[in-house]
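Let me begin by presenting the structure, written as structure tokens, before commenting on it.
The values are calculated or read from the model by the stated rules, or taken from the named source; none is laboratory data. In this text the structure is predicted, and so the values were computed from the model without any measurement. Neighbour counts run over all protein chains shown; Cβ positions are idealised from the backbone, glycine included. Just the protein is used for accessible areas: all its heavy atoms, side chains included, with ligands, DNA and RNA removed. Shrake-Rupley method; radii C 1.70, N 1.55, O 1.52, S 1.80 Å.
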Amino acid sequence: MTLTEGEIVLRPIKMRDQRVWREVNRRNRDWLRPWEATVPPPAPGGPVARRPTYRQMVRHLRAEANAGRMLPFAIEYEGRLVGQLTVAGITWGSMCSGHIGYWVDREVAGRGVMPTAVALAVDHCFRSVGLHRIEVCIRPENAPSRRVVEKLGFRSEGVRPRYLHIDGAWRDHLIFALTAEETPEGMLRRWRRRRPVTPQGPGAPQGPGTAQSPGTAQGPGTAQGPEDGGGADQSGEMK
């Protein structure tokens, strides 16, 4: 399944993305590290969790997708891989909910890539998948990632103290959410209406409302990126 808006594409992550994925993560290592999910120390005598390899990560994402619990996407911009977005923790029954995690290459920050990707995913979840609620969990210190959900009109639901293990410690997270009733016209249509037109290219000034996500938004169950590539794989997580 592929979701598209102009030069921005969400499509399934693939094994053959490994080389490019690792290169993007390597370049963004310092930028993403403060927002990266980590595994807490094991209990005395307990098993030691290890970072998955890239191939293990992709196999996990596929297995979760096949089980109906996850929608893992690679993000492409102008034909190249620039990040990931995953709808994870999908729950059915009386809840019909999921949460979105994401990260994006710093080189494309400020071009509306992440708000557009989130809008595409939200519309797909509400209109095609049949979910009723989507939430995004973000560290209070992650102002650029917070701007993404604020521009899209997500509703703030407060703080979950020490919610996820991020960058080596249990961190508080702000919770942002939307239900299908809150976006009757569609999230992408809303974003098109709000999105400013800004110059493109290196050195272009940032207009108010352009997305500058270092992007990572975490979700419950988020795990670290692969050991062979680093990676704030905020997908969902095995994200």
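Listing for the model above:
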read-out	value
Subset of region 15-51 [in contact with a helix residue (DSSP H, G or I) (Cβ under 7 Å, 6 or more places away or on another chain) and outside any helix (DSSP H, G or I)]	ASN28
Candidate set from region 47-80 (those that are over 17 Å from MET1 (Cβ atoms) and among the polar types (S, T, N, Q)); member that is modelled with the highest pLDDT	GLN56
Residue in region 124-149 that is nearest to MET70 (Cα to Cα), counting only those that are among the charged types (D, E, K, R) and within 15 Å of the chain's Cα centre (by Cα)	GLU135
Odd one out for THR2 among (1) touching a residue at least 60 places away in the same chain (Cβ under 8 Å); (2) loosely packed, with under 15 Cβ neighbours inside 10 Å; (3) in contact with a Leu (Cβ under 8 Å, 6 or more places away or on another chain)	(1)
Checklist (1) in contact (Cβ under 8 Å) with a residue 40 or more places away in the chain; (2) out of contact with any Ser or Thr (no Cβ under 8 Å at 6 or more places or on another chain) applied to ILE166, failing item	(2)
Selection within region 18-37 - surrounded by fewer than 20 Cβ atoms within 10 Å (Cβ to Cβ) and either touching a residue at least 12 places away in the same chain (Cβ under 8 Å) or among the β-branched types (Val, Ile, Thr) (or both)	GLN18, VAL20, ARG22, ARG26, ARG27, ARG29, TRP31, ARG33, PRO34
Hits in region 154-198 (condition: farther than 18 Å from MET114 by Cα, open to solvent by 50 Å² or more (accessible area, probe 1.4 Å) and either basic (Lys, Arg) or in a helix (DSSP H, G or I) (or both))	ARG160, ARG162, ARG171, GLU181, GLU182
